[in-house]
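S.K.: I'd like to ask you about the structure that follows.
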Amino acid sequence: MKQIGITGGIGSGKTTVCQIFEMYGIPVYYADIEAKLLMRADPMLKNKIEELVGEEAYYPDGELNTQYIGKKIFTNKALLDSMNRIVHPAVHIHAEQWAQKMNKACQPLYILREAALLVENGSYKALDALIVVTCPDELRINRVIKRDKLSREEVIKRINNQMPEIEKVKVADFVIINDERHALIPQIWRIHQTLTTTNI
């Protein structure tokens, strides 16, 4: 079973692209969603996170205070790197377990592993191919402001904390342009056809 990575910067529209792949019956592992679930459910992760950014990282009921965490780590590169070192190994193990379950349960032609930092942490190298979703910065900024109710300055800080899009494109096997001018479905269909009919 092929494992295909899909990544892109904040606001690039990775989730929308993944949902279209799901319409073709392709299972998708959403790393950000699973990371948040693990951060709530794993006591060891919780302790490490509280040690790193403070007990305010969790509400009294155990839910993640994502707004607090975001403000702390996206304004401090060292904190962000430390958070990634805590969370990403756990997510990687969980993703591998998920992939094995998918293979046994439905034997899909391939699976997608969606994550923001596949290139930054080098994990894309262990996958069979990499899809990068691209989008102009201004559109990304407006999408995230609307979606996450953040200020323009906060969004720009988050974008600046990520690897430049052009660096991700350099190592991509496929690029999807999600700029609201290029139709998404034909791009995704061509990639799907390639992945299901070749040995990539």
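The values are calculated or read from the model by the stated rules, or taken from the named source; none is laboratory data. This structure is a prediction, so every number in the text was calculated from the model and none was measured. Because the Cβ atoms are built from the backbone with ideal geometry, glycine has one as well, and the counts that use them run over all protein chains shown. Note: areas computed on protein heavy atoms with side chains; ligands, DNA, RNA excluded. Shrake-Rupley method; radii C 1.70, N 1.55, O 1.52, S 1.80 Å.
S.K.: Relative to the present Cα-Cα distance, how much length would full extension add between residue 199 and residue 157 at 0.36 nm per residue of separation? Walk me through the intermediate numbers first.
M.R.: Values: separation 42, 0.36 × 42 = 15.12 nm, distance 3.97 nm.
So the chain would gain 11.2 nm between residue 199 and residue 157.
S.K.: Continuing with this model, one more query. Per residue, how much accessible area does the chain show when a 1.4 Å probe rolls over the protein heavy atoms, in square angstrom? Intermediate results must be reported in sequence, preceding the final value.
M.R.: Details: 10940 Å² over 200 residues.
In whole numbers, the chain has 55 Å² accessible per residue.
S.K.: Could you run the Karplus curve 6.51 cos²θ - 1.76 cosθ + 1.60 with θ = phi - 60° over the stretch 110-123 and give me ³J(HN,Hα) per residue in whole Hz, x for Gly and Pro?
M.R.: Running phi through 6.51 cos²θ - 1.76 cosθ + 1.60 with θ = phi - 60° gives 6, 10, 10, 10, 8, 7, 6, 10, 4, 7, 4, 8, x, 5 Hz.
S.K.: While we're here: Ranking request for peptides 118-125, 129-136: highest mean number of other beta-carbon atoms within 10 Å first, then the rest in descending order. Spell out each step's value before the answer.
M.R.: Values: 118-125: 18.1, 129-136: 22.4.
So the order, starting with the most tightly packed, is 129-136, 118-125.
S.K.: Still on this structure, please answer the following. Quick check: pseudo-label points 7 Å beyond the Cα along Cα→Cβ at residue 76 and residue 40, how many nm apart are they?
M.R.: Using points 7 Å along Cα→Cβ, the separation is 2.5 nm.
S.K.: Can I ask one more? Quick one: which residues, 5 or more positions from residue 133 or on another chain, have an amide H under 5 Å from its amide H? H modelled 1.01 Å from N in the peptide plane, none for Pro or chain starts.
M.R.: Those lying under 5 Å, H to H, from residue 133 are 7, 8, 176.
S.K.: Let me ask another. Within the accessible area of the stretch 1-42, what % is carbon and sulfur when the probe is 1.4 Å and the other protein chains stay in place?
M.R.: 55 percent
S.K.: Can I ask one more? Summing Lys, Arg as +1 and Asp, Glu as -1, what charge do residues with Cβ under 13 Å from the Cβ of residue 188 carry, residue 188 excluded? Please list the in-between numbers first.
M.R.: Details: positive: 14, 190; negative: 22.
Value of the local net charge: +1.
S.K.: Right, next: Run the reach check for residue 101 against lysines, Cα to Cα strictly under 25 Å, same-chain hits fewer than 8 apart removed. What comes back?
M.R.: The reachable lysines, counting only those whose Cα sits under 25 Å from residue 101, are 2, 14, 36, 125.
S.K.: In the neighborhood of residue 160, defined by Cβ-to-Cβ distances under 14 Å, what is the net charge if each Lys or Arg adds +1 and each Asp or Glu adds -1?
M.R.: Working: positive: 77, 140, 152, 157, 158; negative: 120, 137, 153, 154, 165, 167.
Here the count lands on -1.
S.K.: I've got another one for you. Kindly provide the helix-only [θ] at 222 nm of the chain, computed as the sum of -39,500 (n - 2.57) over DSSP H runs of four or more divided by all residues, to the nearest 500 deg cm²/dmol? List each step's numbers first, then the result.
M.R.: Values: 9 runs with 111 residues, N = 200.
Using -39500 (n - 2.57) per qualifying helix, the result is -17500 deg cm²/dmol.
S.K.: Whole-Hz ³J(HN,Hα) for each residue in the stretch 45-60, computed from phi via Karplus 6.51 cos²θ - 1.76 cosθ + 1.60 with θ = phi - 60°, x for glycine and proline: what do you get?
M.R.: Listing the rounded values in order: 4, 4, 4, 5, 5, 5, 5, 6, 10, x, 5, 5, 5, 10, 6, x Hz.
S.K.: Highest mean first, how do 169-176, 57-64 rank when packing is the count of other Cβ atoms within 10 Å averaged over residues?
M.R.: On the way: 169-176: 16.8, 57-64: 11.9.
Packing order, densest peptide first, comes out as 169-176, 57-64.
S.K.: Separate question: Out of all DSSP beta bridges with both ends in the chain, state the antiparallel percent to the nearest 5. Don't skip to the answer; put the middle values down first.
M.R.: Numbers: 1 of 17 bridges.
Taking every DSSP beta bridge with both residues in the chain, the antiparallel ones total about 5 percent.
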